Amino acid sequence: MKPTSHAFSDNARRALNDATLQQALAKAGVGFVDKRRAALSELPEFDALREAGRAIKDHTLANLDHYLLRFEQQLVTSGGQLHWADTPDEACAAVLDICRKAGARMVAKGKSMVGEEIAVNDALEAAGLEVVETDLGEYIIQVAHEPPSHIIAPAVHKTRAQIARLFEDLHHQPGLTRPLETVPQIVDEARQVLREKFLAADVGITGANFLIAETGSTVIVTNEGNGDLSATLPRVHIVLASIEKVVPNLEDASVLLRLLARSATGQEITSYTTFFTGPRRRADADGPEQFHVVLVDNGRSRMLGGAFHEMLRCIRCGACLNHCPVYSAVGGHAYGWVYPGPMGAVLTPLMVGLDEGRPLPNASTLCGRCEEVCPMSIPLPKLLRELRRQEFARGLHPPRSRWALAAWAFFARRPQLYRWATRLGTRLLNRLSGGRGRFRSLPFAQAWTTARDLPAPQGDTFMAQWQRRKQP
Amino acid sequence: MRAALFVTCLVDLFRPSVGFAAVRLLERLGAEVVVPPEQTCCGQPAYNNGDFENARAIARQVIAAFAGYDHVVVPSGSCAGMLVKHYPELFRDEPETLAAAQNLAARTRELSAFLAEHTGDRVADAHFAGKVAMHDSCSARRELGVHAAPRTLLDAVGAERIELKDAEVCCGFGGTFCVKYPDISTRMVSDKAAAVIASGADVLVSGDLGCLMNIAGRLKRMGSPVRIYHLAELLAGMTDAPDIGTGDKT
Amino acid sequence: MSDSRAAILGRILQALGHAARADAPDVLQRVNGHARGPQPQWAEADRERFLAKLAKAAGTHATIASHAGIVHAVTDYLAAQYLPQRVCVAPHPLLADIVWPEGWQVESRRARGDDRIGFAVAFCGIAETGSLMLLSGPESPTSLNFLPDDFLCLLPEDRIVPRMEDAWALLRAERGSLPRATNIITGPSRTADVEQTIQLGAHGPRRLHVLLMESAAQA
């Protein structure tokens, strides 16, 4: 997917003026926030779990090499195969190679954000394979030819009416229409269409929420059951996972699972939590003959030990998106790439480059709500500020804001001069306001005054008045 | 007791009455209020725009200007948060300045937190009858954990206190954010203004002038009669003067 | 690909400043220590907790006194749901000797796309979340857990453990290692992908019905 993060401002403006999108976002935001709050209120141990979860991730990252090698060893012992991929291209090549060797024509895919990150669908389709997304949300956006707008609810930007129309156009021959209006009808429609795909697919691809070093297992967390069908029915199962997903053992995964579901959907646990360990065993009645894990780096090892190390704790729950006032206002597509919201504003510049992703770290008030709700206590505002520091150091700011900042700093560093200049400025502005106390518009402050009045200075500065009070 | 007032640039430039309200409240406590003349701004505009060099230079200036006072009081959660949380972060790798920054951080309090700490509920002889909604700035609420203090103080002056819907959501000011992303900021402040109007409050207060100028600007544009003051002004009994965004001639 | 392996591990080593080994003693100790994190607590008995959480997840249940009650419970369920008497049953020892009523179509095999009713046996139940744990194997084909519209699952009451960690301990003690698929199933399949409205039966079972067996003794 070609990123459009550089055009965030335009994307955001379009999103704000899209009435249908705004309707969908309004509905989604409140639901996620309320459900999470309710789930947390029922678990007094949540804060202790949060501490423990963070410690697990910190420990694993500090010994990442060990745990990856242990995972590899155990995976191979259980009959699985591991493919290390440094870049998205290498990861796609590995997937394609497995599909080719298996003589595959159709791929059933479960939801995978790493899959989005490496654009595996594009690569498979370019090679002539049919790829079907089986998570309902992912299926909706696949047939709409859109990227996901949320990391756990990919079609959260679509209304029921839009989805119904999409399915009608796609599935229905004239005269053969089934009723498509209610949510059950829409879900049933997808169930029928996708059931055939599961049964016909040669290869199933899923993501991984965790990798277990102890057992060489990969874990997925779903509600629909599509991931399990994708992993059970086809001949070959490929897991796309990134290197930071590994945890030491099953007990560690249990801690993180308690945090993940509550933070994501407000559930105590999702309908299906599945641990895959190798391909089908000799006496098994079902399951894939081959089990592959494609282990993707894509810049993560470069984050290790550096300024963005803490971002590697992220478990992709989406809580930071759901609680972000900017995300809630503009939705995920405005961010212009795979990962939106606060976590996306950190990851996107790191993965597609700061030149492309420059606006994202700036499009935040640093209100800190993301850090507050993050189950891994990732200091997202600090990381966004660090990206701004790098941006400033590289001179990527637009010249006008650079000059304004430099001029302001010049005065702020010289108190005497600052006193004089601010007195002049405030008195001038006060006079201009003509005693009305505010401006409806000001030539150099249109960004402010388009939708708000600008309160005018009361008169002289505090410092000047204080001086007079002290020395009458 | 000597308390040094960090006026903050917005109060200095736009609403000096907040500074005088703070002085009045502190003097009522029996404090001798000092206003160190070498202060300008806390450096947040530089810091949040990634210009850490200028942010450090300004921080050094503040650290020097406020050295030696028992208490440093700031009528803003945002600027207090900068001194308390971010100065030490800025000098993480400079041990000598770090010690001074940590020392300043330990002495610094947001105004309402300071007042609540030192007076309990005997805040003032002021009395305010009316429905008051309190808006917490994100920095007061999340960086400093200041939430109960302003409410204790409002209760003490007899205000009928109202909580806003979605109180924990940012108002969309965000320093330079509001002019860099005006469309998003407008949407956020519109939601906040709507919550204020829906609350039925007569008066909106907050401990942060940045939020207040933003919300007041929107409320005034919408023609709302809600009056907007800094918490310090209300506590100091200064609500007879024109509110934020209102002049002598309006 | 091995170049990638070297490159990735090389960068990790550089960042962490130590040598990579799969069998470093402290790592092995950590992995095999199985230390538990904070354990959620509750007041009620595990059985009550299990049933309450199962119901919260939209699962249903019937209690049977013993193995002899299975047929009756399944008959009741099929009647209540107006389902055909055609059941795909896991080749599990606990389900092997059941004498099904005359005229029923009962097959012991993996599931196919058009099976309406699947019936399997849980390895254990987890009280904390009202979950069932099923282990893939010759006696428990995974497809049965996901393809049929109605999933029936037998759970002996003495197989309810308090938490997921207890299930892992039981699994290690009884099986030694993990099977191909370890399914922790909590209620029927669901989706909220259309306007955040929860709808049951997305791709997996529309209904989940647990037969809670009070006595493990087999007839």
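The values are calculated or read from the model by the stated rules, or taken from the named source; none is laboratory data. In this text the structure is predicted, and so the values were computed from the model without any measurement. Every residue, glycine among them, receives a Cβ derived from its backbone with ideal geometry; neighbour counts consider all protein chains shown. The accessibility values were calculated without ligands, DNA or RNA, using every heavy atom of the protein model including side chains. Shrake-Rupley method; radii C 1.70, N 1.55, O 1.52, S 1.80 Å.
Structure values in brief
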| quantity | calculated |
| --- | --- |
| Residues satisfying the stated conditions in the range C:202-219, i.e. under 30 Å from A:GLN162 (Cα atoms) and either within 7 Å of another protein chain (Cβ to nearest Cβ) or open to solvent by 10 Å² or more (accessible area, probe 1.4 Å) (or both) | C:ALA202, C:HIS203, C:GLY204, C:ARG206, C:ARG207 |
| Residue within the range B:20-33 that is more than 7 Å from chain A (Cβ to nearest Cβ), assigned to a helix (DSSP H, G or I) and more than 22 Å from B:TYR229 (Cα to Cα) present | no |
| Whichever residue in the range A:17-26 is open to solvent by 20 Å² or more (accessible area, probe 1.4 Å) and not charged (D, E, K, R) and, among such residues, is modelled with the lowest pLDDT | A:ALA26 |
| Count - residues of the range A:107-130 that are crowded, with 21+ Cβ neighbours inside 10 Å and either in contact (Cβ under 8 Å) with a residue 40 or more places away in the chain or within 18 Å of A:GLY318 (Cβ to Cβ) (or both) | 12 |
| The range C:149-170 residues that are closer than 18 Å to A:TYR272 by Cα, paired with ones that are open to solvent by 10 Å² or more (accessible area, probe 1.4 Å) and polar (S, T, N, Q) (beta carbon under 8 Å, 6 or more apart) | C:ASP150/C:GLN81; C:ARG163/C:GLN39; C:MET164/C:THR129; C:GLU165/C:GLN39 |
| Residues of the range C:149-169 satisfying the condition of being under 22 Å from C:GLN199 (Cβ atoms) and away from every other protein chain (no Cβ under 11 Å) | C:ASP150, C:LEU152, C:CYS153 |
| From the options C:LEU94, C:LEU144, residue that is within 14 Å of another protein chain (Cβ to nearest Cβ), under 20 Å from A:ASP284 (Cβ atoms) and at pLDDT 95 or above | C:LEU144 |
| Residues of the range C:82-92 that turn out to be over 16 Å from C:ALA122 (Cβ atoms) and crowded, with 16+ Cβ neighbours inside 10 Å, as a count | 4 |
| Cβ pairs under 6 Å, 6+ apart, first in the range A:252-269 and more than 15 Å from A:ALA319 (Cβ to Cβ) and assigned by TED's automatic domain parsing to the domain that holds A:GLY216, second open to solvent by 10 Å² or more (accessible area, probe 1.4 Å) and not β-branched (Val, Ile, Thr) | A:SER254/C:MET164; A:VAL255/A:ALA52; A:VAL255/C:GLY37 |
| Residue count, the range A:35-53 (criterion: within 11 Å of another protein chain (Cβ to nearest Cβ), more than 21 Å from A:GLY137 (Cα to Cα) and open to solvent by less than 80 Å² (accessible area, probe 1.4 Å)) | 8 |
| Test result for B:VAL7, in contact with a His (Cβ under 9 Å, 6 or more places away or on another chain), at pLDDT 95 or above, at the interface with chain A (Cβ under 9 Å from one of its Cβ atoms) and open to solvent by less than 10 Å² (accessible area, probe 1.4 Å) | no |
| Boolean, C:ARG109 is under 27 Å from C:ASP166 (Cα atoms) and either surrounded by 14 or more Cβ atoms within 10 Å (Cβ to Cβ) or not assigned by TED's automatic domain parsing to the domain that holds C:LEU155 (or both) | no |
| Residue within the range B:187-205 that is in contact with a helix residue (DSSP H, G or I) (Cβ under 6 Å, 6 or more places away or on another chain), β-branched (Val, Ile, Thr), at the interface with chain A (Cβ under 10 Å from one of its Cβ atoms) and surrounded by 17 or more Cβ atoms within 10 Å (Cβ to Cβ) present | yes |
| The listed residue being more than 8 Å from chain A (Cβ to nearest Cβ) and part of a helix (DSSP H, G or I), out of C:ALA73, C:ALA43, C:ALA15, C:ALA62 | C:ALA73 |
| From B:ALA46, B:ALA57, residue being part of a helix (DSSP H, G or I), assigned by TED's automatic domain parsing to the domain that holds B:GLU94 and either at positive phi or crowded, with 24+ Cβ neighbours inside 10 Å (or both) | B:ALA46 |
| Breaking point among (1) assigned to a helix (DSSP H, G or I); (2) open to solvent by 70 Å² or more (accessible area, probe 1.4 Å); (3) within 30 Å of A:VAL294 (Cβ to Cβ), for A:TYR67 | (2) |
| The range A:27-61, subset in a helix (DSSP H, G or I) and among the acidic types (Asp, Glu), residue modelled with the lowest pLDDT | A:ASP34 |
| Top-ranked residue in the range A:432-453 [being within 16 Å of B:PHE177 (Cα to Cα), of a type in the set (Gly, Ala, Ser) and facing another protein chain (nearest Cβ under 7 Å); ranked as nearest to the chain's Cα centre (by Cα)] | A:ALA447 |
| Wholly enclosed helices (runs of 4 or more DSSP H) of the range B:148-234 bearing at least 2 residues touching a residue at least 24 places away in the same chain (Cβ under 8 Å) | B:148-156, B:182-199, B:209-221 |
| Tally, over the range A:280-296, of residues that are more than 7 Å from every other protein chain (Cβ to nearest Cβ) and either closer than 15 Å to C:SER143 by Cα or among the β-branched types (Val, Ile, Thr) (or both) | 5 |
| Residues satisfying the stated conditions in the range A:349-388, i.e. farther than 30 Å from A:ARG37 by Cβ and at the interface with chain B (Cβ under 9 Å from one of its Cβ atoms) | A:PRO359, A:ARG388 |
| Subset of the range A:389-431 (residues that are charged (D, E, K, R), closer than 26 Å to B:PRO37 by Cβ and at the interface with chain B (Cβ under 7 Å from one of its Cβ atoms)) | A:ARG413 |
| Single residue of C:LEU178, C:LEU154 found to be at pLDDT 95 or above, open to solvent by less than 10 Å² (accessible area, probe 1.4 Å) and either more than 26 Å from C:ASP97 (Cβ to Cβ) or in a strand (DSSP E or B) (or both) | C:LEU154 |
| Residue that is modelled with the highest pLDDT, among those in the range C:111-141 that are at the interface with another protein chain (Cβ under 7 Å from one of its Cβ atoms) and touching a helix residue (DSSP H, G or I) at 6+ places or on another chain (Cβ under 7 Å) | C:THR129 |
| Hits in the range B:10-27 - residues which are farther than 18 Å from B:VAL205 by Cβ and open to solvent by 10 Å² or more (accessible area, probe 1.4 Å) | B:LEU13, B:GLU27 |
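Here is a yes/no grid of residues against (1) open to solvent by less than 50 Å² (accessible area, probe 1.4 Å); (2) closer than 25 Å to A:TYR272 by Cβ:
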| residue | (1), (2) |
| --- | --- |
| C:ARG47 | no, yes |
| C:PHE50 | yes, yes |
| C:ALA68 | no, no |
| C:ALA73 | yes, yes |
| C:TYR77 | yes, yes |
| C:LEU94 | yes, yes |
| C:VAL99 | no, no |
| C:GLU102 | no, no |
| C:GLN105 | no, no |
